[in-house]
Amino acid sequence: MHIFYSEEKKGNKLILREQEVKHFRVRRIQKNEIFGVIYHGELYKCKIAYEDRNTIICEIIEKLKVKKPLKSITLYQCITQDLKTMDLIVRQATELGAEKLVPVISERSFRKKEAILKRIDKWKRIVIEAMKQSRRTIPMKIEEPVNLTDLEPTMEENLLLDNFYEGLSVKDVNLKANSFSVIVGPEGGFSEKEGNLLRGRGFKSVLLEPYTLRTETASVAILSILMNC
Ligand code: SAH
């Protein structure tokens, strides 16, 4: 079933506009064809009620059952030098159910705040694309960039993925906790000073075995483990 995204409801009709109309045309949805529309944390089974050049009005047939994540996970992702890699991480973190992604500026990350702020709208669009593909109905939040030196442990379990440090095995983390934060480094990793600062504040250093991963692989690996344990 094709899935679309709406931010407008009138009675039992959901309205698609702009990007969503384009997507709808690409899918060549026929009159009487059934499709899904995500609206405000719900997924509705719909068919076309009315359409014109700029708008599709969808008639709700029924509300569908959706899954919600059992864990609340915030990903603190140091901004990759190649911003395209961030696009991939945003997509994958959305699919995996992270509640929030916070871009982090660290010593070796991409550091131009203006350029990062300009990219946030694109990341929000990627979140919506990924939601439709994965049937996720609640958007992953994307915050404005923060400095690594400002990070504090605020969840039940607060992890730091640092491949330069002989940290805990993931098995030693309380995987049954309901809320997690995870800090993942940029392509060049963390400096020793950064690792020590975050460990000093109470983030638990975790080492994934057996190899050194790319940052985008490390984020996906830890999110999959935490979400499924
Ligand atoms: N350039 C570094 C690798 C950095 S990998 C080197 O040559 O060794 C980028 C980030 O991915 C790291 O900062 C860390 O957050 C994460 N990462 C990669 N492999 C990891 C591992 N085995 N365990 C924990 N974190 C890892």
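In the range 181-194 there is at least one residue matching the filter, namely being within 17 Å of residue 95 (Cα to Cα), out of contact with any Gly (no Cβ under 8 Å at 6 or more places or on another chain) and β-branched (Val, Ile, Thr).
Quick one: would you say residue 201 is surrounded by fewer than 15 Cβ atoms within 10 Å (Cβ to Cβ), closer than 24 Å to residue 91 by Cα and either within 13 Å of the ligand (Cβ to nearest atom) or assigned by TED's automatic domain parsing to the domain that holds residue 147 (or both)? Answer is no for this residue. Applying the condition of being over 19 Å from residue 109 (Cβ atoms) and within 10 Å of the ligand (Cβ to nearest atom) to the range 204-229 and asking which residue is surrounded by the most Cβ atoms within 10 Å (Cβ to Cβ) yields 206. Please work out which one of (1) in contact (Cβ under 8 Å) with a residue 60 or more places away in the chain; (2) within 16 Å of the chain's Cα centre (by Cα); (3) surrounded by 14 or more Cβ atoms within 10 Å (Cβ to Cβ) is the condition residue 36 fails and give its number. With respect to (1) in contact (Cβ under 8 Å) with a residue 60 or more places away in the chain; (2) within 16 Å of the chain's Cα centre (by Cα); (3) surrounded by 14 or more Cβ atoms within 10 Å (Cβ to Cβ), residue 36 is out only on (2).
Taking the criterion of being within 16 Å of the ligand (Cβ to nearest atom) and either of a type in the set (Lys, Arg) or closer than 18 Å to residue 220 by Cα (or both), the residues of the range 135-167 that qualify are 157, 158, 159, 160, 161, 162, 163. Within the range 142-151, the residues that satisfy the criterion of being in contact with a Phe, Trp or Tyr (Cβ under 9 Å, 6 or more places away or on another chain) and either more than 21 Å from residue 68 (Cβ to Cβ) or of a type outside the set (Val, Ile, Thr) (or both) are 146, 148, 151. Find all pairs meeting these conditions: Cβ atoms under 8 angstrom apart; at least six residues apart or on different chains; first residue within the range 205-219 and within 9 Å of residue 161 (Cα to Cα) and at pLDDT 95 or above; second residue in a helix (DSSP H, G or I) and near the ligand (Cβ under 7 Å from one of its atoms). These pairs meet every condition: 208/218. Among the residues of the range 173-198, those identified as exposed (fewer than 15 other Cβ atoms within 10 Å of the Cβ) and farther than 23 Å from residue 97 by Cβ are 188, 192, 193, 196.
Kindly indicate whether residue 194 is farther than 30 Å from residue 39 by Cβ, in a helix (DSSP H, G or I) and touching a helix residue (DSSP H, G or I) at 6+ places or on another chain (Cβ under 7 Å). So that I can check it myself, show each step before the final result.
Working: farther than 30 Å from residue 39 by Cβ: yes; in a helix (DSSP H, G or I): yes; touching a helix residue (DSSP H, G or I) at 6+ places or on another chain (Cβ under 7 Å): yes.
It is true that residue 194 is farther than 30 Å from residue 39 by Cβ, in a helix (DSSP H, G or I) and touching a helix residue (DSSP H, G or I) at 6+ places or on another chain (Cβ under 7 Å).
Based on this model, can you work out whether residue 180 counts as within 22 Å of the chain's Cα centre (by Cα), closer than 18 Å to residue 219 by Cβ, more than 10 Å from the ligand (Cβ to nearest atom) and without any contact (Cβ under 8 Å) to a residue 60 or more places away in the chain? The answer is no for residue 180.
Among the residues examined, residue 63 qualifies as part of a strand (DSSP E or B), surrounded by fewer than 14 Cβ atoms within 10 Å (Cβ to Cβ) and basic (Lys, Arg).
What number of residues in the range 66-89 are assigned to a strand (DSSP E or B) and among the hydrophobic types (A, V, I, L, M, F, W, C)? So that I can check it myself, show each step before the final result.
Narrowing the range 66-89 to residues assigned to a strand (DSSP E or B): 72-78.
When the remaining residues are screened for being among the hydrophobic types (A, V, I, L, M, F, W, C), the result is 73, 75, 78.
Number satisfying all stated conditions: 3.
The values are calculated or read from the model by the stated rules, or taken from the named source; none is laboratory data. Since the model is a prediction, treat every value here as computed from it, not as a measurement. Note: ideal-geometry Cβ built from the backbone for every residue, glycine included; neighbour counts use all protein chains shown.
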